[in-house]
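Undergrad: Please find one structure pasted underneath; my questions will follow.
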Amino acid sequence: MKFSIQRETLLQPITQVVGVVERRQTLPVLANFLISAQGNRLSVTGTDMEVELITSVEADVQQEGEITVPARKLVDIVRMLPEGVNITAVLEGDKLTVSSGRGRYTLATLPAGEFPATDQVETLEIIKIQEDILKNLLDKTSFAMANQDVRYYLNGLLFDFHSGQLSTVATDGHRLAVCDLVADLGVTEERQLIVPRKGVLELSRMLSDSEDTVELALG
């Protein structure tokens, strides 16, 4: 595997994905990113077995392949490089060499086959919503989520989709937060789902006050 990419193009996605990578892991591979170079795209995946984030950016791929590398070490290396530089990564055996200018950094890797595969869920419906509106729904309710409660269903945020309305609901058993959005989101049938606490926090962190449209795929 070999690819080249601009520092800023790589830094933004890996900074987003590293949020789901726990510092303490039961499996060594969970401390790694899964990096896949295919065609002219580079995809980066991180997971803690509960939440998975995948991002994809354009890159100059000279040799296709996939491998897992230590997530936080890669972020630290890319972050400390000067702005605007070009980064080249080459996989040789079980080592990934990241180079830019005079700097060369070698990372130990683990096979891509050891990275846990996420069960593919059939998408039954896609909901489109304005980004700043979704962020507002999360921000007004996520503070009330429980943290490590034995009642696992409290450690998350309820999305309640019904005709003409979307409600987000959170509670830790002592307080309750509800936020309603009255809008025709095109929901064909009522649905309720709970998004884990970590997924909610990561999603809220990635969302901005933009008026762009985001898609929610419901399985």
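No value in this document is a laboratory result; all are computed from the given coordinates. Please read all numbers here as calculations on a predicted model, not as lab measurements. Backbone-built Cβ (ideal geometry, glycine too); neighbour counts: all protein chains shown.
Undergrad: Only loop residues by DSSP count here, and only those with at most 10 other Cβ atoms within 10 Å; note down the trypsin sites (Lys or Arg not before Pro) in segment 113-173 that meet that. Mind dumping the intermediate values first?
TA: On the way: sites: Lys128, Lys135, Lys140, Arg151; in loops: Lys140, Arg151.
Within segment 113-173, the qualifying trypsin sites (Lys or Arg not before Pro) (loop, at most 10 other Cβ atoms within 10 Å) are Arg151.
Undergrad: So what's segment 2-114 giving for Rg/Rh, alpha carbon basis, Kirkwood Rh from the mean inverse pair distance?
TA: With Rg and the Kirkwood Rh in hand, the quotient comes to 0.93.
Undergrad: Of Lys95/Lys198; Lys140/Lys198; Lys2/Lys73, which pairs sit farther than 22 Å apart, going by alpha carbon to alpha carbon?
TA: Lys95/Lys198
Undergrad: Could you size up the charge dipole of segment 169-218 around its Cα centre, putting +1 on the beta carbon of Lys and Arg and -1 on that of Asp and Glu, and report it in debye to the nearest 20?
TA: 420
Undergrad: Can you classify segment 166-219 as rounded, prolate or oblate using the Cα gyration tensor, where a ≥ b ≥ c are the square roots of its eigenvalues, rounded means a/c under 1.5, and otherwise it's prolate if a/b beats b/c and oblate if not?
TA: Since a/c reaches 1.5 but b/c is at least a/b, the shape of segment 166-219 is classed as oblate.
Undergrad: What distance in nm separates the two pseudo spin-label positions at Ala117 and Asp180, each 7 Å out from Cα along the beta-carbon direction?
TA: Going from the Ala117 label point to the Asp180 one covers 4.5 nm.
Undergrad: Next question. In a GNM of the chain with a 10 Å cut-off on Cα contacts, which of Glu52, Glu189, Glu64 has the highest mean-square fluctuation?
TA: Result for the chain, Cα springs under 10 Å: Glu189 fluctuates most.
Undergrad: Per the Debye formula with a single identical scatterer at each Cα and no solvent contribution, what log10 I(q)/I(0) holds for the chain at q = 0.17 Å⁻¹?
TA: -1.19
Undergrad: While we're here: Where the centroid of each part is defined by its Cα atoms, how far is segment 155-219 from segment 101-139 in Å?
TA: The distance from the Cα centre of segment 155-219 to that of segment 101-139 comes to 18 Å.
Undergrad: Next question. If each of Met80 and Val187 carries a label point 7 Å out from its Cα toward its Cβ, how far apart are those two points in nm?
TA: 4.8
Undergrad: Please report the projected area of segment 125-218's Cα convex hull averaged over all directions, in nm². Display every interim value, and only then the final one.
TA: Values: hull surface 22.5 nm².
Its Cα hull, projected and averaged over all orientations, spans 5.6 nm².
Undergrad: How much length is gained if the chain between Arg102 and Lys198 is pulled fully straight, taking 0.36 nm per residue apart and subtracting their Cα-Cα distance, in nm to one decimal? Could you put the intermediate results ahead of the total?
TA: On the way: separation 96, 0.36 × 96 = 34.56 nm, distance 3.85 nm.
Separation in residues times 0.36 nm, less the Cα-Cα distance, equals 30.7 nm.
Undergrad: Simple spin-label model, 7 Å along Cα-to-Cβ: Lys95 to Asp132 in nm?
TA: Going by the 7 Å Cα→Cβ label model, 5.1 nm.
Undergrad: Explain nothing, just the number: dipole magnitude of the chain about its Cα centre with +1 on each Lys and Arg Cβ and -1 on each Asp and Glu Cβ, in debye rounded to the nearest 20. Don't skip to the answer; put the middle values down first.
TA: On the way: 20 positive and 32 negative charges, 224 e Å.
For this selection, approximately 1080 debye.
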